[in-house]
Amino acid sequence: PGYPLHVGAMADDLASAKVFTAIGELLTKDPEVAKKAPGVFQFVITKGPGGATGTWVVDLKKGEVRKDEKAEKPDCTMTLADADFVAMVAGKLAAQKAFMTGKLKIGGNMMLAQKFNAVTSKLAKQTSKL
């Protein structure tokens, strides 16, 4: 049909959507960064504007980011609010603090989750559009 099938808030409304786009661009420009955390990361982003939620896969084994997908076998799944994810990537919220205070939930390989910081810290240095 000629009308949108989704009504209300969508994943594109999330501030995190821009971050995942920037991660994809970083992986294209600098594929070496993926080697610092070789794994498949599932992100579940909640509490966006109007209750928007979104799911992304950051596959550092293949060097790609996919939106609105669920990984078949993610090495690590991270669930957090939209604003908290943006703050974490911008370096304003430490991942360890977010985890300890319940803002970040991690399933799967926790050591690999810690290595993902290598990607976000490189991203924070290279961009100011977050």
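The values are calculated or read from the model by the stated rules, or taken from the named source; none is laboratory data. The shown structure was predicted, so the numbers you read here are calculated from the model rather than taken from an experiment. Positions of Cβ are backbone-derived with ideal geometry, glycine not excepted, and every protein chain shown enters the neighbour counts. Just so you know, the surface numbers come from the protein's heavy atoms only, side chains and all, with ligands and any DNA or RNA stripped out. Shrake-Rupley method; radii C 1.70, N 1.55, O 1.52, S 1.80 Å.
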Can you find, among Met78, Leu104, Ala118, the residue farthest towards the positive end of the dipole of the chain? Put +1 on the C-beta of Lys and Arg, -1 on that of Asp and Glu. Ala118
Report Asp75's accessible area, 1.4 Å probe, all protein chains in place, as a number in Å² to the nearest 10. 50 Å²
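Please report, as a whole percent, how much of the solvent-accessible surface of the chain comes from carbon and sulfur atoms (probe radius 1.4 Å).
Details: 4090 of 7590 Å².
In the chain, the share of accessible area belonging to carbon and sulfur is 54 percent.
Given charges of +1 on the Cβ of Lys and Arg and -1 on the Cβ of Asp and Glu, with all other atoms neutral, how large is the dipole of the chain about its Cα centre, in debye to the nearest 20? Walk me through the intermediate numbers first.
Working: 19 positive and 13 negative charges, 93 e Å.
With only Lys, Arg, Asp and Glu charged at Cβ, the dipole is about 440 debye.
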Degrees between helix 117-126 axis and first principal axis of the chain (Cα, 0 to 90, nearest 10): 80 degrees
For the range 60-130: span of alpha carbons on each principal axis (Å, largest first): 31, 28, 22
With springs only between Cα atoms under 10 Å apart, run a GNM on the chain and tell me which of Lys67, Lys115, Lys92 wobbles the most. Lys92
May I ask which residue of Pro49, Gly39, Val19 lies farthest towards the positive end of the charge dipole of the range 17-58, with charges of +1 (Lys, Arg) and -1 (Asp, Glu) on Cβ and the Cα centre as origin? Pro49
With a point put 7 Å past each Cα toward its Cβ, work out how far Asp30 is from Arg66 in nm, to one decimal. 2.6 nm
Antiparallel bridges, percent of DSSP beta bridges restricted to the chain (to nearest 5): 70 percent
Give, in whole angstrom and from largest to smallest, the semi-axes √(5λ) of the equivalent ellipsoid of the chain, with λ running over the eigenvalues of the Cα gyration tensor. 22, 17, 15
Give the accessible surface of the chain per residue, rounded to a whole number of Å², with probe radius 1.4 Å and ligands, DNA and RNA excluded. 58 Å²
